[in-house]
Amino acid sequence: MARETQNQPGEARWWDRSVGYQIYLRSFADSDGDGVGDFAGLTQRLDHLAWLGVDMVWVTPFYPSPMADFGYDISDYVDVDPLFGTLADADAMIERAHELGLRVVFDIVPNHSSDQHQWFVEARRSRDDPKRDWFIWRDPAPDGGPPNNWVTHFGGPAWTFDELTGQYYLHLFLPEQPDLNWANPAIGDAWDEIIQFWLDRGVDGFRIDVTQGMAKDADLRSNPELRPLHDGMDRHEQWESFEHRYDIVQPESLDIFRRWNRLVEPAGAFLIGETYVLDAAALHHFLTPRDGIHAGFWFQPMHIEWSPDQVLATLRDPVDAVGGGIGWCMSSHDDPRAPGRFGGGELGVLRALGLFTMFCGLPGTPFLYMGDELGLVDGVVPLDRRADPVSFRTGVEADGRDGCRTPMTWEPGPGFGFSTMEDPWLPFGGRTDADTVAVQATDPMSPLSRWRRLLSARRRVIDAPGFAEAAVQWRERRGPIISFRRGDFVFALNAGDAAAPFNPGAPCTPWFKSTEVFERGADGVDRPLKEPGAIDPPIVLAAGEAIIVHSP
Ligand code: GLC
């Protein structure tokens, strides 16, 4: 019964009370001086995350991999690539995280493997190989071309011809990432074992890569074409030239997630999907059965233009559509960092913090991407240092994803405390001492200090009686001020370009305000240094500023 209602108000589970933090392992902390982040480095830096006040860490893939897509091409799902350490290092990380009260979510990639995975090596040997049907093979079309018109997320056809056996195989990403055939029950059995392997090592959940793509149309029908492809289109333009009716968001995926739900439930583990769909209806498809994935990331905040209408819609649409289970994020290892997209400078930082403040009050789990807490914009990666295959494998000039993947900046000095190597796998891309954790920790108005206060406020709000179970009530939008009430709290954000008054409707006590420093009083409540005690409306919010008020 509980399983059927787990996303409903009243059924808050540990992840509904948590704030997550995404770690792009290659760029987080390098313990052995090879210029690439690793498990031992992460373990040493876990104290920072506990101090910052997050509850759960999501670690991107660390499995053995030829690194065609930096670890999202996996050649062994149950081991650690030597670049990142050993299984013992992974165990030690999990143990230390648990000691600090942090939960650990590992990134699993069930849509595809590496072409170097033993399964694919065997599958491509012959058409009769027992592993052949673990991947998706088809004869060429009558003209010798690909079997259908599907394109990859990285641009170009989703099929590669295999000379030896005279058939094409399917890949929604690089040719080095052949898609697994989830219509074959053997894949489900193999994946049960993989998930159990990591549960037995103590992980608390899984971020499921490419959730939207695992099940495909049984007949692999061509997608309806919206406009003809032509040379020079970038990967997004190519992707948007089709209605994705048959390659993604197929109902059969719900059966996979139902099965996994039963598998992880005894461990109380969390399943969050990379539901890379930009409309709330598709998120609804994955989340409303309530007996599959517990949550799905909502990616639209990474694609909006900053305006009151768009900010309101991106907050409200998924809540109205699915109620809960929303993974809120605004930056990732795949998308440009939020402060840059929101205008850069102090305003960009304030807007990112403001948007995240709203995430903190809505049902679901907000996730920071490493460095969000420092207010970082993308690093500048010169052409000759670009590493992401998206930059040079799509046939057209593309920026790729390197800018959001540059290494963390921990402290001033060569290597910024990330590595003893001064010039790691990606350059730091123009960071300064002011971008480091060590410097920001000493300044009460730094992004880091503000984020830390926000997470502290979020923890106390989520623990307040009735809050986690309460539904969201949207308040009428007043000019640029977006606000909602949940339980005894009102959350408000000025999504406009100039200061504007916010009227909470009654005397209230601010628990967090992004431009002010708060001090904890004897009653345990944080109050702004400038305005001690309860305040009367209205409250002026600067452009991009957000506030959380207690207003019972
Ligand atoms: C997901 C990952 C991305 C990767 C892709 C293929 O979208 O987040 O980094 O390139 O899957 O595995």
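Coordinate-derived values only; no laboratory data. Please read all numbers here as calculations on a predicted model, not as lab measurements. Here Cβ is always computed from backbone atoms with ideal geometry, including for glycine, and neighbour counts include all displayed protein chains.
If you take all C-alpha pairs in the range 148-276, what percent of them are over 17 Å apart?
In whole percent, the long-distance tail amounts to 64.
How would you rank D219, D55, D79, D435, going from fewest to most other Cβ atoms within 10 Å of each one's own Cβ?
Numbers: D219 8, D55 21, D79 15, D435 24.
Ordered by Cβ neighbours within 10 Å, fewest first: D219, D79, D55, D435.
Expressed as a whole percent, how much of the Cα-Cα distance distribution for the range 8-56 exceeds 16 Å?
Numbers: 589 of 1176 pairs.
Above the 16 Å cut-off, the range 8-56 has 50 percent of its Cα pairs.
What is the Cα radius of gyration of the range 63-214 over 2.2 N^0.38 Å, N being its residue count? Let's see the in-between values first.
Numbers: Rg = 17.0 Å, N = 152, 2.2 N^0.38 = 14.8 Å.
Dividing the Cα Rg of the range 63-214 by 2.2 N^0.38 Å gives 1.15.
So what's the range 104-150 giving for Rg/Rh, alpha carbon basis, Kirkwood Rh from the mean inverse pair distance? Could the numbers behind the result be given before it?
Values: Rg = 14.0 Å, Rh = 12.7 Å.
In the range 104-150, Rg relative to Rh is 1.10.
Based only on other Cβ atoms within 10 Å, what is the fewest-to-most ordering of C508, C404?
Values: C508 21, C404 27.
Placing the least packed residue first, the sequence is C508, C404.
With charges set only on the Cβ (+1 for Lys and Arg, -1 for Asp and Glu), what does the dipole of the chain come to about its Cα centre, in debye to the nearest 20?
Numbers: 49 positive and 84 negative charges, 381 e Å.
With Lys and Arg at +1 and Asp and Glu at -1, about 1820 debye.
Mean 1/r over all different Cα pairs, inverted: what Kirkwood radius does the range 416-483 give, in Å? Kindly include the intermediate steps, with their values, before the conclusion.
On the way: mean 1/r = 0.0624 Å⁻¹.
Value: 16.0 Å, from the Cα pair sum.
Any idea how far the Cα center of the range 312-376 sits from the one of the range 418-443, in Å?
23
Give, rounded to the nearest 20 debye, the magnitude of the charge dipole that the range 184-233 has about its Cα centre when Lys and Arg contribute +1 at Cβ and Asp and Glu contribute -1 at Cβ. Intermediate values should be presented prior to the final figure.
Working: 5 positive and 10 negative charges, 41 e Å.
Result for the range 184-233 is approximately 200 debye, rounded to the nearest 20.
Taking all pairs of distinct Cα atoms, average 1/r, flip it, and tell me the Kirkwood hydrodynamic radius of the range 304-414 in Å to one decimal place.
Working: mean 1/r = 0.0647 Å⁻¹.
Evaluated over the range 304-414, this radius sits at 15.5 Å.
How big, on average over all directions, is the shadow cast by the Cα convex hull of the range 46-117, in nm²?
On the way: hull surface 19.9 nm².
The orientation-averaged projected area of the Cα hull of the range 46-117 comes to 5.0 nm².
Under the rule of -39500 (n - 2.57) per DSSP H run of 4 or more residues, summed and divided by the residues of the chain, what mean residue ellipticity at 222 nm is obtained, to the nearest 500 deg cm²/dmol? Walk me through the numbers before you get to the answer.
On the way: 13 runs with 134 residues, N = 552.
The helix contribution divided over the chain gives -7000 deg cm²/dmol.
Take every Cα pair under 8 Å in the chain that's 6+ residues apart, average their separations, divide by the length, and report that relative contact order as a whole percent. Write down the numbers at each step before the final one.
Details: 1209 pairs, mean separation 74.6, N = 552.
Contact order relative to length: 14 percent.
So if I restrict to the alpha-carbon atoms in the chain, what is the Rg, and what is Dmax, the biggest pairwise distance, in Å?
Calculated on Cα positions, Rg and Dmax stand at 23.5, 78 Å.
Of S113, N503, G324, which is farthest along the charge dipole of the chain in the positive direction, counting Lys and Arg as +1 and Asp and Glu as -1 at C-beta?
N503
Suppose a student asked you for the relative contact order of the range 285-358, using Cα pairs under 8 Å spaced at least 6 residues apart; what percent would you report? Present the calculation step by step, with values, prior to reporting the outcome.
Working: 72 pairs, mean separation 20.0, N = 74.
Worked out over the range 285-358, it gives 27 percent.
Please rank W191, W511, fewest neighbouring Cβ atoms within 10 Å first, as an exposure proxy.
W191, W511
Taking 2.2 N^0.38 Å as the expected size of a compact globular protein, what ratio does the Cα radius of gyration of the range 379-465 give against it, to two decimals? Walk me through the numbers on the way to the answer.
Numbers: Rg = 17.3 Å, N = 87, 2.2 N^0.38 = 12.0 Å.
For the range 379-465, the normalised Cα radius of gyration comes out at 1.44.
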